[in-house]
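The next block holds one structure in the form of structure tokens; read it before the comments.
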Amino acid sequence: MIGTSQAEVGAPGLTQLLVAGIGEMVLSRDPRSILVAYGLGSCVALSAWDPISGAGALAHFMLPGGPVAGSVGGPPVKTIEGGLGIFLDAFVRQGGQLRRAQFKAAGGAAMLALLSGGLEIGRRNGEALISGLESRGLRLLARDLGGGAGRTVQLEVGTGRLLVKSVSTVATL
Amino acid sequence: MLTLSPVEESILQRTFALGLMQAGLALAGMTGQEIIVASPDVRRCTPAEVIAMAGGADRVVVGIYLGITGSLSGHALLMLPPDGARDLARILLEGVGEEMPDADEPVDPTRPFELDPLSMSALMEVGNVTISAFLNELGMHLHEPVMPTVPQVVVEMAGAILDTVLVDLSMDSDQVLAARAVFIRGYNAIEGALLILPRAESVATLLSALGVNG
């Protein structure tokens with residue numbers, strides 16, 4: 001699938017960085033992997049981590065829903081509505097089990113005050129993510145949503161820790 | 001969905017490249033600095049590619065955002081490295097009579113970068129002049145005026161500034177038309193990127209104004 005990368009077994013001891021670009025997702029079961037989504041503004045990142053199998057996944061969603069024009073070749077997880085199921089299926093194929101998985105989310109900030117609707121989309125992304133998970137009987141273990149600052153998130157596949165960095169702060173979820 | 005024929009693409013490339021050149025000239029004129037307009041790049045691409053064109057998602061930049069309204073609508077973003085932005089503001093404010101608050105203060109690397117209100121307003125003017133020069137060039141082909149909105153200056157990760165804009169454009173298209181130029185100032189090689197992102201329907205308007213029919 002375009003925009004989806006999976007970890008391959010590399011040299012022992014080396015940390016492997018897998019980046020989920022805007023509208024993309026990354027997955028790994030390699031404990032040395034770190035899954036990253038850089039510079040989230042109104043976008044939201046969802047991480048899934050299975051403490052037993054060690055499978056980890058990170059999605060970088062752009063929009064809550066809406067019409068998706070010609071998604072062939074487009075970003076695979078552009079919308080939460082269309083992409084959440086794709087993300088969860090990929091996580092299960094990677095060895096993750098949804099019932100015991102830990103879900104964490106960050107992002108959904110309000111960035112450009114002048115852009116009409118720009119302030120809304122971050123909040124709506126957060127809400128769509130929570131309700132999308134709820135409708136599947138899943139819920140977030142931790143979240144860092146909203147606010148006015150951009151975020152970079154990193155999921156450590158070895159530990160399940162989600163690191164959230166902004167220009168001025170660092171937090172671990 | 002944004003689809004372009006090779007002819008349409010090359011006409012847009014030429015038109016946008018001229019606009020980007022005018023924007024660079026305006027910036028040079030305003031600051032009295034020699035500005036090189038490099039790597040003009042105009043193409044249809046995915047949101048992830050736009051972020052790559054801007055120099056990567058997690059780089060902290062000073063972003064000067066202006067919306068574009070009128071017969072052409074979309075977004076314009078001038079992104080400068082923090083030190084370069086501060087330098088540029090200082091050049092513009094020289095002789096204004098105001099003491100620059102941090103001119104000789106050592107920079108504490110643990111503190112996040114901040115701009116004082118005076119520098120912010122100088123940078124807004126940089127955005128205004130630069131984007132207006134670009135729009136004037138494009139406006140010559142259009143029969144109705146094209147105007148920038150009031151500028152907004154933010155210090156943020158490039159990806160975080162861009163994604164709100166990309167989200168707005170991606171509601172009706174998976175691909176966007178992006179025009180970018182890199183501004184290089186003198187020997188310091190302070191680089192800034194100017195990014196213009198028109199709406200899909202505005203691309204069609206512009207093409208017909210340029211005399212290209214579908």
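Below is a table of values for the structure above.
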{"quantity": "B:Val176 vs. criteria surrounded by fewer than 24 Cβ atoms within 10 Å (Cβ to Cβ), modelled with pLDDT of 85 or more and more than 7 Å from chain A (Cβ to nearest Cβ)", "calculated": "no"}
{"quantity": "Subset of the stretch A:15-37 (residues that are in contact with a helix residue (DSSP H, G or I) (Cβ under 8 Å, 6 or more places away or on another chain) and at pLDDT below 95)", "calculated": "A:Gly21, A:Ile22, A:Gly23, A:Glu24"}
{"quantity": "Test set (1) open to solvent by 50 Å² or more (accessible area, probe 1.4 Å); (2) over 18 Å from B:Leu93 (Cβ atoms) - B:Leu135 fails condition number", "calculated": "(1)"}
{"quantity": "Residues of the stretch A:54-82 that turn out to be at pLDDT 90 or above and open to solvent by 30 Å² or more (accessible area, probe 1.4 Å), as a count", "calculated": "2"}
{"quantity": "Any hit, the stretch A:128-136, residues being within 12 Å of chain B (Cβ to nearest Cβ) and touching a residue at least 12 places away in the same chain (Cβ under 8 Å)", "calculated": "no"}
{"quantity": "Qualifying residue in the stretch B:103-124 (condition: touching a Phe, Trp or Tyr at 6+ places or on another chain (Cβ under 9 Å), at pLDDT 90 or above and more than 29 Å from A:Val170 (Cα to Cα))", "calculated": "no"}
{"quantity": "Residue among A:Arg124, A:Arg136, A:Arg143 that alone is surrounded by fewer than 22 Cβ atoms within 10 Å (Cβ to Cβ), part of a loop (DSSP other than H, G, I, E, B) and of a type in the set (Lys, Arg)", "calculated": "A:Arg136"}
{"quantity": "Any chance B:Val150 is open to solvent by 30 Å² or more (accessible area, probe 1.4 Å), under 22 Å from A:Met111 (Cβ atoms) and touching a strand residue (DSSP E or B) at 6+ places or on another chain (Cβ under 8 Å)", "calculated": "yes"}
{"quantity": "Unique residue being in contact (Cβ under 8 Å) with a residue 60 or more places away in the chain, among the basic types (Lys, Arg), open to solvent by 10 Å² or more (accessible area, probe 1.4 Å) and more than 14 Å from chain A (Cβ to nearest Cβ) when the list is B:Arg199, B:Arg185", "calculated": "B:Arg185"}
{"quantity": "Considering residues of the stretch B:42-54 that are among the hydrophobic types (A, V, I, L, M, F, W, C) and part of a strand (DSSP E or B) only, the residue farthest from the other protein chains (Cβ to nearest Cβ)", "calculated": "B:Val42"}
{"quantity": "Candidate set from the stretch B:55-96 (those that are assigned to a loop (DSSP other than H, G, I, E, B) and under 26 Å from B:Leu142 (Cβ atoms)); member that is least open to solvent (accessible area, probe 1.4 Å)", "calculated": "B:Leu72"}
{"quantity": "Subset of the stretch B:20-39 (residues that are touching a strand residue (DSSP E or B) at 6+ places or on another chain (Cβ under 6 Å), open to solvent by 50 Å² or more (accessible area, probe 1.4 Å) and within 21 Å of B:Leu93 (Cβ to Cβ))", "calculated": "B:Gln33"}
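The values are calculated or read from the model by the stated rules, or taken from the named source; none is laboratory data. Values in this document were obtained by computation on a predicted structure and should not be read as measured data. Neighbour counts run over all protein chains shown; Cβ positions are idealised from the backbone, glycine included. Just so you know, the surface numbers come from the protein's heavy atoms only, side chains and all, with ligands and any DNA or RNA stripped out. Shrake-Rupley method; radii C 1.70, N 1.55, O 1.52, S 1.80 Å.
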